[in-house]
Structures are given as C-alpha cells and as structure tokens.
1. Have a look at MET84, ALA17, ASN57 and report the one farthest towards the positive end of the charge dipole of the chain, computed about the Cα centre with Cβ charges (Lys/Arg +1, Asp/Glu -1).
2. Test of understanding: ordering MET93, MET114 by Cβ neighbours within 10 Å, fewest first, what list do you get?
3. In a shell of Cβ-Cβ distance under 15 Å around ASP78, excluding ASP78 itself, what net charge do Lys and Arg (+1) and Asp and Glu (-1) give?
4. Compute the convex hull volume of the Cα atoms of the chain, divide it by the residue count, and report the result per residue in Å³ as a whole number.
5. For helix 148-166, what angle does its Cα long axis make with the longest principal axis of the chain, in degrees from 0 to 90 and rounded to 10?
Amino acid sequence: MKSLLEGNEDPRSVLIAREIGAISDADIINWANRHAAPQSYAEDIDYLWLVRCNSRNATTLGRAHGHLRSLIKRLFPDFSDTSMEASEIAREMFLRRLRTYLKDDVDPFHVCRMVAPIEGRYEFPHWLGDLYSACDWTDEHTTREQAPHLRDAIQRILADNTENLANGGF
C-alpha cells in the first residue's frame, strides 16, 4: 500500500492522521525519515528518536506515537487534537486517504477504520458523509471486490467536499 504521507507534512498533520486511523505508527517513522525538519525542531530529542527508530522493532515502534505527541506538545503548546484546527486537518487527511483508496491498493478496512475515531473525536462531522453506512459489515478481510458500494460512497463524499469548497464552505 502506498503511504498516505509524502514527508513534507507538518507534525500536527501526522499526529491527526494517526489519531483518526489514517496511518500507523510505522508510517510516523517513515514520515520522519523522509521529512526535512526545519531548524525549529531538527535537533529535538523526540524528532531525532523518530528518525533513528527501527520500524521493524515492535517495542520502539510502539513508542512512536508518544514521541510525536511529545514533540508537538513542545513545539505547539496551544494545539489541541480536538480543536477546529485539528478537525480541518482531519478532514484533509481523511479526504487524502479516500483519494488514495480510489487510486491505489488500499483495502476497504483501512478506510473504514477511520469512521469511529473521526465520529468520536469531531462529533459526527458532516464531511464524513455516509461512510458509516457504507462501512457496515466491512472488516479486515473484506476485499475491494466485495465492497463496490464503498467506492460509490467515497466518490460521493469527495464530490460533496469539492462542491462545498467551491461554494466557500469548510
């Protein structure tokens, strides 16, 4: 599966992507290894830990999320992962994951696992569309061929979000 992150993302975007289930802890490590950190945190202990982490080591991999959170707490002390700013970041990462689903080999479960964290954290945002219903009965064994309705729902969500942006919404 192609990585959702390109390496140029702000650490807050990486954190929110992880919080909504769009990426894994291994993706955090991969991001850190591709990311060209600005001087403001290039020498930060938590950022350096992420860069030096072996993503094949389960023990260190399990600490990646905590190190990213610590980095953000120091860099952006006023940032809240449930704020309106975070909700907008979540929307952007969510839509990015939906686009990758349409273009790449992302399994339905990787899209559907975002529903519950988004609903819980951002109180059923309208930009989530009808993904909850489209993901009904979807689990880690569901194939793309078994979920053609998911593709239709994703296309509707992307169209609705593009239309709302064009009309000055969000």
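FYI, it's all coordinate maths here, none of it is from the lab. Keep in mind that this is a model prediction, so the values were computed, not measured. Ideal geometry is used to build each Cβ from the backbone, glycine not excepted, and the neighbour counts take in all protein chains shown.
1. ASN57
2. MET114, MET93
3. +1
4. Hull volume normalised by residue count: 123 Å³.
5. On a 0 to 90 degree scale, this one is about 70.
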